[in-house]
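*Asks:* Provided herewith is a single structure, encoded as structure tokens, for subsequent inquiry.
Each value in this text was obtained by applying a stated rule to the coordinates, not by laboratory testing. Note that the coordinates shown come from a computational prediction; the quantities given were computed from them, not determined experimentally. Cβ sites come from the backbone with ideal geometry, for glycine too, and all protein chains shown count toward neighbours.
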Amino acid sequence: MLDARSDQIKRCRADAFSGQMSQAQRMVKRSRVDQKAGEVGDNVAVPVPLVDRGRGDPRNILGVILHRDVETDIYTIAVKAGILHGGYSRNQFDLCPQRLLTEEDVSLDKAVSLRSAVIEQSASGGQGIVKCSCAGSTKCKTNRCKCYKAKVLCNSRCHSSQSCTNK
């Protein structure tokens with residue numbers, strides 16, 4: 001009786017796995033039909049999350065597709081600041097109809113995160129949130145304090161109830 005139960009569990013697991021794989025294949029097929037594949041040299045607009053941009057910063061950052069892995073459908077994208085870390089799938093960016101940037105317009109010598117690329121292209125300096133975690137009133141007088149180094153006053157997020165010389 002115990003063997004029959006374990007066989008039934010194994011069959012149910014195999015059926016669930018095959019159903020999940022067929023569902024994934026249908027989803028991939030549907031997304032490939034809906035979204036046109038990007039080619040090397042195409043311009044793309046990568047959305048910037050709200051926490052990574054300042055109030056006056058654009059919602060998207062323009063880039064150029066450098067490489068596409070055909071097997072995994074992962075794209076390598078370069079922006080003016082450098083090559084973006086990690087790979088991007090097709091649903092993480094939008095293709096631009098015009099060619100605004102070329103491979104000569106982007107920097108290919110260094111890899112950068114999306115946040116640092118936005119900060120570099122920002123007119124206002126990015127999100128601008130600085131928070132220190134200094135433990136004591138004398139710590140906020142030197143460049144070891146993030147707020148002091150950025151020439152910003154400490155705020156309630158840093159160390160709310162403690163006294164501070166940089167408030």
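*Asks:* Under the classification rounded if a/c is under 1.5, otherwise prolate if a/b is larger than b/c and oblate if not, where does the range 1-57 fall, given a ≥ b ≥ c as square roots of the Cα gyration tensor eigenvalues?
*Replies:* Values: a/c = 6.01, a/b = 2.36, b/c = 2.55.
Since a/c reaches 1.5 but b/c is at least a/b, the shape of the range 1-57 is classed as oblate.
*Asks:* For the pair Lys149 and Leu108, how long in nm is the line joining their label points, each one 7 Å along Cα→Cβ?
*Replies:* 3.4 nm
*Asks:* Out of the trypsin sites (Lys or Arg not before Pro) in the range 1-109, which ones are loop residues according to DSSP with at most 16 other C-beta atoms within 10 Å? Don't skip to the end; give the middle numbers.
*Replies:* Numbers: sites: Arg5, Lys10, Arg11, Arg13, Arg26, Lys29, Arg30, Arg32, Lys36, Arg53, Arg55, Arg59, Arg68, Lys80, Arg90, Arg99; in loops: Lys36, Arg53, Arg55, Arg59, Lys80, Arg99.
In loop regions of the range 1-109 (DSSP not H, G, I, E or B), the sparsely surrounded trypsin sites (Lys or Arg not before Pro) are Lys36, Arg55, Arg59, Lys80, Arg99.
*Asks:* Among Tyr148, Ala45, Gln92, whose Cα sits farthest toward the positive end of the charge dipole of the chain (+1 at Cβ of Lys/Arg, -1 at Cβ of Asp/Glu, about the Cα centre)?
*Replies:* The residue sitting farthest along the positive end of the dipole is Tyr148.
*Asks:* Counting each DSSP H run of 4 or more residues in the chain as -39500 (n - 2.57), what helix-only mean residue ellipticity at 222 nm follows after dividing by all residues, to the nearest 500 deg cm²/dmol? Intermediate results must be reported in sequence, preceding the final value.
*Replies:* Values: 3 runs with 45 residues, N = 167.
Estimated from H runs of four or more residues: -9000 deg cm²/dmol.
*Asks:* Moving to a separate point now. Report relative contact order for the chain in percent, whole number only (criteria: Cα-Cα under 8 Å, sequence separation at least 6).
*Replies:* Details: 249 pairs, mean separation 29.1, N = 167.
Reported as a whole number, the value is 17 percent.
*Asks:* Turning to a different aspect of this structure: What FRET efficiency would be calculated for the residue pair Asn60, Ile9, taking the C-beta separation as r and a Förster radius of 41 Å, to the nearest 0.05? Intermediate results must be reported in sequence, preceding the final value.
*Replies:* Numbers: r = 48 Å, r/R0 = 1.18.
It comes out at approximately 0.25.
*Asks:* Remind me, what semi-axes does the chain give for its equivalent ellipsoid, largest first in whole Å, using sqrt of 5 times each Cα gyration tensor eigenvalue? Let's see the in-between values first.
*Replies:* On the way: eigenvalues 378, 182, 31 Å².
The equivalent ellipsoid of the chain has semi-axes of 43, 30, 12 Å.
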